[in-house]
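Peer 1: Pasting a structure here, questions to come.
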Amino acid sequence: MKDLEKKARGYALKNAIAYNGKAQQGAVISALFNEGLEKKDMKKYGKKISEIVAEVNALSLDEQKKEFEKIKDSLSEREEREGLPELPNASKGVIMRIAPSPSGPMHVFHGLNASFSFDYVQKYGGKFYVRIEDTNPENIDSKAYKLIKEDAKWLTKEKAIVIIQSDRMNLYYKYAEKLISKGFAYVCTCSAESFRELAMEKKACACRSKSVKENQADWKKMLDKKGFKVGKAVLRFKSDIKHKNPAMRDFPLARINESSHPRQKKKYRVWPLMNLSVSVDDIEMKMSHIIRGKDHRDNALRQEMIFKALSKKYPWTAFLGRYHFKDMIVSTTAFRKGIESGKYKGWDDLKLPTLISLKKQGYKPEAFWKMAEHIGLSEVDKSFDKKEFFRLLDGFNQQ
């Protein structure tokens, strides 16, 4: 650990000097991975590395340079890539994505998260999808479709391929029927409460033993307006009912929802849930690598099960830690309420950290690309001071 602390401080100093006195923990961890640190070690050493980065950032740039000169020889001689590491199996190009929901335009953290994947598409070649996930008819702002398309066009300089999930409903139905026919999905008519109680006891409900033909018939009843009522049936994936993680036990794939959809109106009454629609799209779009928030770790496991059931290889996946501003709320819902109350003039109000606002203020897409590379891939949560964050982004914007 003593040697690790020394190297962590050395790489933190090096990174800080390269970026105007402020080291990013992700870049330091990436360098330590090159030295032999493993992901499983992060639980043990993550807090200490964070403390070292904070200590280095508290020094002046001159102090950082003086200290680095004393310890730089202890660092690895080989050249390490700060920020984004190389991707495996990427030599022939990559297919990657970001998946915003249409609750409003993209904001600063969407810009960063998209840039991680887009940086790799630019490096290796391939395709970058912006997939608008709107299969939940509620909490959709109809104006967001156009706003997100414009954000994607600006952030990627028109290289993004924009896809809208609700335009692909028949495809999701096709895959649901395929899972049913293969015996990997069943229609459950148990109440949510009774199913939850059984699942917690690692017990199967009676619906699980139905034949393929019975499930096919019940699926048709879900689709039929004269069939099952709202809340009376759900399509479930047949996983391991004794799985150690209760969230993995026969999770839902689709539900009945008769709310009017902003784009599709009342055309559909059965809507795929996230794990079905995401799996289908990732398969159909031949996704090769996925970078997503670590809060989707369970979803990634569920989707991997669906891939396996369909004899598909699951994409390489990396997880990102959460971002937190210490002195600013980043929430599309909060922004909308502020606009409705008159606090903000609109989505492009200069006080909002939306991409449309930042574009108006003179920020360039390249600033986000460089910022993402500087932060690096890391599962460690990051807290930002608003003033310091934008000072750093300003620096990349001027390069």
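The values are calculated or read from the model by the stated rules, or taken from the named source; none is laboratory data. A quick note: this is a predicted structure, and the numbers were derived from the prediction, not measured. Cβ placement follows ideal geometry from the backbone for every residue including glycine, while neighbour counts extend to all protein chains displayed.
Peer 1: Restricting to region 1-58, give me the number of residues that are of a type outside the set (Asp, Glu) and within 17 Å of Asp385 (Cα to Cα).
Peer 2: 15
Peer 1: So, Lys370, is that one under 22 Å from Ala160 (Cβ atoms), of a type in the set (D, E, K, R), touching a helix residue (DSSP H, G or I) at 6+ places or on another chain (Cβ under 7 Å) and buried (at least 21 other Cβ atoms within 10 Å of the Cβ) or not?
Peer 2: Taking the combined requirement at face value, the residue satisfies it.
Peer 1: Which one is farthest from the chain's Cα centre (by Cα), of the residues in region 320-331 that are surrounded by fewer than 17 Cβ atoms within 10 Å (Cβ to Cβ) and part of a strand (DSSP E or B)?
Peer 2: Filtering first and then ranking leaves Phe325.
Peer 1: Is it the case that region 253-264 has a residue that's modelled with pLDDT under 95 and loosely packed, with under 15 Cβ neighbours inside 10 Å? Steps first, answer last, please.
Peer 2: Our first condition is that a residue be modelled with pLDDT under 95; within region 253-264, this holds for none.
No, region 253-264 contains no residue that is modelled with pLDDT under 95 and loosely packed, with under 15 Cβ neighbours inside 10 Å.
Peer 1: With respect to Lys92, determine if the residue is in a helix (DSSP H, G or I) and charged (D, E, K, R). Even if it seems obvious, please write down each step before you answer.
Peer 2: Working: in a helix (DSSP H, G or I): no; charged (D, E, K, R): yes.
So Lys92 fails the test.
Peer 1: Within the group Ala12, Ala27, Ala8, Ala31, which residue is in contact with a Leu (Cβ under 7 Å, 6 or more places away or on another chain), in a helix (DSSP H, G or I), surrounded by 18 or more Cβ atoms within 10 Å (Cβ to Cβ) and small (Gly, Ala, Ser)? Spell out the reasoning first.
Peer 2: On the way: Ala12 fails: in contact with a Leu (Cβ under 7 Å, 6 or more places away or on another chain); Ala27 fails: in contact with a Leu (Cβ under 7 Å, 6 or more places away or on another chain); Ala31 fails: in contact with a Leu (Cβ under 7 Å, 6 or more places away or on another chain).
Sole residue among the options that is in contact with a Leu (Cβ under 7 Å, 6 or more places away or on another chain), in a helix (DSSP H, G or I), surrounded by 18 or more Cβ atoms within 10 Å (Cβ to Cβ) and small (Gly, Ala, Ser): Ala8.
Peer 1: Mind telling me which of the residues Val130, Val121, Val108 ends up being touching a Lys or Arg at 6+ places or on another chain (Cβ under 8 Å), over 30 Å from Lys265 (Cβ atoms) and surrounded by 21 or more Cβ atoms within 10 Å (Cβ to Cβ)?
Peer 2: Of the residues listed, the single one that is touching a Lys or Arg at 6+ places or on another chain (Cβ under 8 Å), over 30 Å from Lys265 (Cβ atoms) and surrounded by 21 or more Cβ atoms within 10 Å (Cβ to Cβ) is Val121.
Peer 1: Just name the residue that is surrounded by the fewest Cβ atoms within 10 Å (Cβ to Cβ) out of those in region 166-182 that are small (Gly, Ala, Ser) and out of contact with any Lys or Arg (no Cβ under 7 Å at 6 or more places or on another chain).
Peer 2: Within region 166-182, the subset small (Gly, Ala, Ser) is 166, 176, 181.
Cutting the leftovers down to out of contact with any Lys or Arg (no Cβ under 7 Å at 6 or more places or on another chain) gives us 176, 181.
On the way: Ala176: 22, Ser181: 14.
Of everything passing the filter in region 166-182, Ser181 is surrounded by the fewest Cβ atoms within 10 Å (Cβ to Cβ).
Peer 1: Hey, another quick one. Going by the conditions given, is Glu158 surrounded by fewer than 21 Cβ atoms within 10 Å (Cβ to Cβ) and in a loop (DSSP other than H, G, I, E, B)? Break it down stepwise before answering.
Peer 2: On the way: surrounded by fewer than 21 Cβ atoms within 10 Å (Cβ to Cβ): yes; in a loop (DSSP other than H, G, I, E, B): yes.
Here the answer is yes, as Glu158 does meet what is asked.
Peer 1: Let me ask something else. Name the helices (runs of 4 or more DSSP H) wholly within region 332-399 that hold at least 2 residues that are modelled with pLDDT of 95 or more and farther than 30 Å from Ala54 by Cα?
Peer 2: Answer list for region 332-399: 332-341, 355-360.
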